[in-house]
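First up is the structure itself, then whatever we jot down about it.
The values are calculated or read from the model by the stated rules, or taken from the named source; none is laboratory data. All values reported here derive from a predicted model rather than from experimental measurement. Virtual Cβ from ideal backbone geometry, glycine too; neighbours counted across all protein chains shown. Calculation scope for accessible area: heavy atoms of the full protein, side chains included, ligands and nucleic acids excluded. Shrake-Rupley method; radii C 1.70, N 1.55, O 1.52, S 1.80 Å.
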There are 2 protein chains.
Amino acid sequence: MGPAAGADFVRLFVQACARRMAAAGRPVTDQGFPEHWLAQVPVPDRSRALADTTPGPHQPLDPMLDALGRLHSLGARAVAIACNTAHAWHAPLQAGCPALDLLHIADETAAHLAAAGVRQAILLATEGTYATGLYDAALARAGVACHLPTAAERATVMHGIYAGVKAGDMALARRCFAGVTGAMAVRHPGSAVVMGCTEIPLALPDAEEARHWQLVDPTAVLAEALARRAYAAG
Amino acid sequence: MGPAAGADFVRLFVQACARRMAAAGRPVTDQGFPEHWLAQVPVPDRSRALADTTPGPHQPLDPMLDALGRLHSLGARAVAIACNTAHAWHAPLQAGCPALDLLHIADETAAHLAAAGVRQAILLATEGTYATGLYDAALARAGVACHLPTAAERATVMHGIYAGVKAGDMALARRCFAGVTGAMAVRHPGSAVVMGCTEIPLALPDAEEARHWQLVDPTAVLAEALARRAYAAG
């Protein structure tokens, strides 16, 4: 739900659509893409709202519900949210807009890993996502063991997200994400690395060490799942 | 208006907003970005409609007017169209939606070049854009001479746009765009290169020879202009 991540999600969705057209033997033309809208609306910080669950203007549910309602008015049938932490509100969002098919990033990722035969995963995410157990539960249901960073490593990941990607310092972000991944890969050899916050794939894949790891981008998995819905519905 | 170009425009707009926050000494946070929506709706091919001006479902004006109206209903105040050729319909679009500030990509680019002291420019664009004289007129008003490719070179640029970028073959696109630019740079030394179709900046800057040329991306100029409007209005 960071605006840079939102822009990147559109790019991934467009690529996924182009792959579907090519796989179906159709020419890839502008007119072959499904209609799609990107809503980037101001939403309070999701990790902060999970740390302070009192009601108030720092809660993101109402602005997110409002954006969903506007997308529904535009004729949207399926919606993906390009923010892992925001999925803590998936149930009330889906309940508040039952006519929409609201995709779930962790369920899509778990199904993708299981289909690829992955049995162990390292999870990089925000404190908010760890607190909700979003991926732990989805991965467990799919039979994939989920390894979490230590408290100090989590703080390093958060620093890479906020002082790194969100503030535009990609070198700092790479150092933070690669340092934590390297240490965890030693403890949990053979694990895939789930980049469970949309800011992480904007920096970690460019780290020198990244070629040694099996990186999984849930945002790319989500984009693929949305493209699948778009062509199935057409 | 190609979906890949639309996705790239959001990326450029987000970057322009981040630069504005940083320049104003404000922290760059998700909540500091203005609300913005991307509409990617099926619109008939713009170059084809300019080649065949008879009325009919191959004309893009009505679908574009419809999208503008929906953006206005969402509360949009300023709109940028990430497609050069579509600007052939700028006047009827602006007349049909007078409450919106509809930016003009060629006017913004011409003002940008003049402010940078550029006096000569090579124009790479679609046949549709050449036919409308979109940039020629805007550059002339700003005192910038505009150099156009030969008919054979135009055909090569169109091949790079359609068989290259739009079809996902970036290597072919690079060869087409760089070949024409290299030949024109010999004929018109000291010219800036205006990449006057949104597909061109997705390939030409990655060509080996590109470091010798002063490439100007009107889409980036347009994104900067839209960010300026967004923060001025806030």
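Data for the structure
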| item | result |
| --- | --- |
| Filtered residue count, the range A:162-198, keeping only those that are in contact with an Asp or Glu (Cβ under 9 Å, 6 or more places away or on another chain) and outside any helix (DSSP H, G or I) | 4 |
| One residue from B:95, B:91, B:76, B:67 being open to solvent by less than 50 Å² (accessible area, probe 1.4 Å) and either facing another protein chain (nearest Cβ under 9 Å) or not in a loop (DSSP other than H, G, I, E, B) (or both) | B:67 |
| Answer from A:129, A:109 - the residue that is in a helix (DSSP H, G or I), touching a Ser or Thr at 6+ places or on another chain (Cβ under 8 Å) and among the polar types (S, T, N, Q) | A:129 |
| Criterion violated by residue B:12 - all others in (1) surrounded by 14 or more Cβ atoms within 10 Å (Cβ to Cβ); (2) within 10 Å of chain A (Cβ to nearest Cβ); (3) more than 17 Å from the chain's Cα centre (by Cα) satisfied | (3) |
| The range A:19-41, residues that are open to solvent by less than 40 Å² (accessible area, probe 1.4 Å) and either modelled with pLDDT under 90 or on the phi > 0 side of the Ramachandran plot (or both) | A:28, A:30 |
| Selected residue (criterion: farthest from residue B:125 (Cα to Cα)) from residues of the range B:18-42 that are touching a Pro at 6+ places or on another chain (Cβ under 9 Å) and more than 7 Å from every other protein chain (Cβ to nearest Cβ) | B:32 |
| Sole residue being open to solvent by 40 Å² or more (accessible area, probe 1.4 Å), at positive phi and either modelled with pLDDT of 95 or more or of a type outside the set (A, V, I, L, M, F, W, C) (or both), chosen from B:190, B:179 | B:190 |
| Filter result for the condition that a residue is more than 14 Å from chain B (Cβ to nearest Cβ), buried (at least 19 other Cβ atoms within 10 Å of the Cβ) and within 18 Å of residue A:7 (Cα to Cα), over A:164, A:196 | A:196 |
| Residues of the range B:42-62 that turn out to be out of contact with any helix residue (DSSP H, G or I) (no Cβ under 6 Å at 6 or more places or on another chain), outside any loop (DSSP other than H, G, I, E, B) and surrounded by 15 or more Cβ atoms within 10 Å (Cβ to Cβ), as a count | 1 |
